[in-house]
Every structure is written in structure tokens, then in C-alpha cells.
Amino acid sequence: LIRTIFSMTELVQMVWNDLYVKDGTRNVEFILKPLPDTLAERAMMQQVWINLISNALKYTRNNQQTTIEISGEQKDGEIIYSVKDNGSGFDMQFYDKLFGVFQRLHSQEEFEGTGVGLAIVERIISKHGGKIWAEGKVNEGAVFYFSLPDRNT
């Protein structure tokens, strides 16, 4: 991996601008809090954000009002980033399937997808020495977290 230091805030804003097309049918509040910079492989991190933000947009599309919030903090030698949405969420009893390849918690009819997005994210994060985890409640949304080693420790 060729790691460089870059602005995670700028990367997320760029990904958001690419993914979210204002089409007049959706009311999306996007909250991007200042994110700690990171030392990582930028193209891989871009893929992480594309997958996580795409999921947040996908699983909130039936909402009247959507809120997607992205934040990050430095804590105990690592940086923890999160993507929180108020979408369909998931049942924590199926948590062990979340990051598996071709594992889906929703039907293809309900939400399209191949079931590899989170598996890809998990692989990229672990290559960077980090972890990924999530919390969800059915019909109340989900929060996906991932950690990366803090370059300042």
C-alpha cells in the first residue's frame, strides 16, 4: 500500500458530491463534521466512503426526511470514523452476516445490491490495520464505524 496523509473531510465531501444528485424527490440532510486527517491509501479510502455513503443513501430512500451524518474522532491511538443514517437499519441478531460476501439482510426486491460492498470495506480497513463494526435497529437506522491507526501516536 502506498500511504499518504490526506484530508478525510475533503475526500468525503468529494464522494458525497459525486454520489448525491439532487433530484427534487428526496430531502436529504447531510451533516459532515470535521474529520481527522489520515495516513492511508487514498483510492482505497475513497472506495470505503463510496460503499458506506451509497448504502446510507440506498437504505434511507424510503424516508420522507433523511439524515446522514459523518463524523470522526481520535481516541486511544486510533481514529474512529462513523456514518450514521436514519434508514431501514438492520436486526442485530443477523450482525454476523453483515460483512460476509454475498450476505444480504434485505431482499433484492426491497433494496438492490450484490452483497459485496461491506465485505470490500472490511477487507480494505483490515489491510490498513483497522476494524469495522456497526449498530442498527430495524426501521431506526444504522451506524457504521471504522477505525484506522492514528498516525500521530
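Summary table below
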{"read-out": "Subset of region 67-97 [in a loop (DSSP other than H, G, I, E, B) and either of a type in the set (Ser, Thr, Tyr) or buried (at least 16 other Cβ atoms within 10 Å of the Cβ) (or both)]", "value": "Asn86, Gly87, Ser88, Gly89, Phe90"}
{"read-out": "Unmet criterion (only one of (1) under 26 Å from Glu140 (Cβ atoms); (2) part of a helix (DSSP H, G or I); (3) open to solvent by 60 Å² or more (accessible area, probe 1.4 Å)) for Gln64", "value": "(2)"}
{"read-out": "Counted residues, region 29-61 - those being at pLDDT 95 or above, assigned to a loop (DSSP other than H, G, I, E, B) and open to solvent by less than 70 Å² (accessible area, probe 1.4 Å)", "value": "4"}
{"read-out": "Hits in region 113-151 - residues which are in contact with a Gly (Cβ under 9 Å, 6 or more places away or on another chain) and farther than 16 Å from Ile53 by Cα", "value": "Lys137, Val138, Asn139, Glu140, Ser147, Leu148, Pro149, Asp150"}
{"read-out": "Sole exception among (1) out of contact with any Lys or Arg (no Cβ under 8 Å at 6 or more places or on another chain); (2) touching a residue at least 60 places away in the same chain (Cβ under 8 Å) for Glu41, by number", "value": "(1)"}
{"read-out": "Cβ pairs under 6 Å, 6+ apart, first in region 125-139 and more than 19 Å from Ala56 (Cα to Cα), second at pLDDT 95 or above and of a type in the set (A, V, I, L, M)", "value": "His128/Ala40; His128/Leu148; Gly130/Leu148"}
{"read-out": "Breaking point among (1) closer than 14 Å to His128 by Cβ; (2) within 13 Å of the chain's Cα centre (by Cα); (3) at pLDDT below 95, for Ile2", "value": "(2)"}
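Residues checked against (1) in contact with a helix residue (DSSP H, G or I) (Cβ under 8 Å, 6 or more places away or on another chain); (2) at pLDDT 90 or above:
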position	(1), (2)
Ile80	no, yes
Ser88	no, yes
Glu112	yes, no
Val116	no, no
Ile124	yes, yes
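The values are calculated or read from the model by the stated rules, or taken from the named source; none is laboratory data. From a predicted model like this one, the values you see are computed outputs, not experimental measurements. Every residue, glycine among them, receives a Cβ derived from its backbone with ideal geometry; neighbour counts consider all protein chains shown. Please note that ligands, DNA and RNA were not included when accessible areas were found on the heavy atoms of the full protein model with its side chains. Shrake-Rupley method; radii C 1.70, N 1.55, O 1.52, S 1.80 Å.
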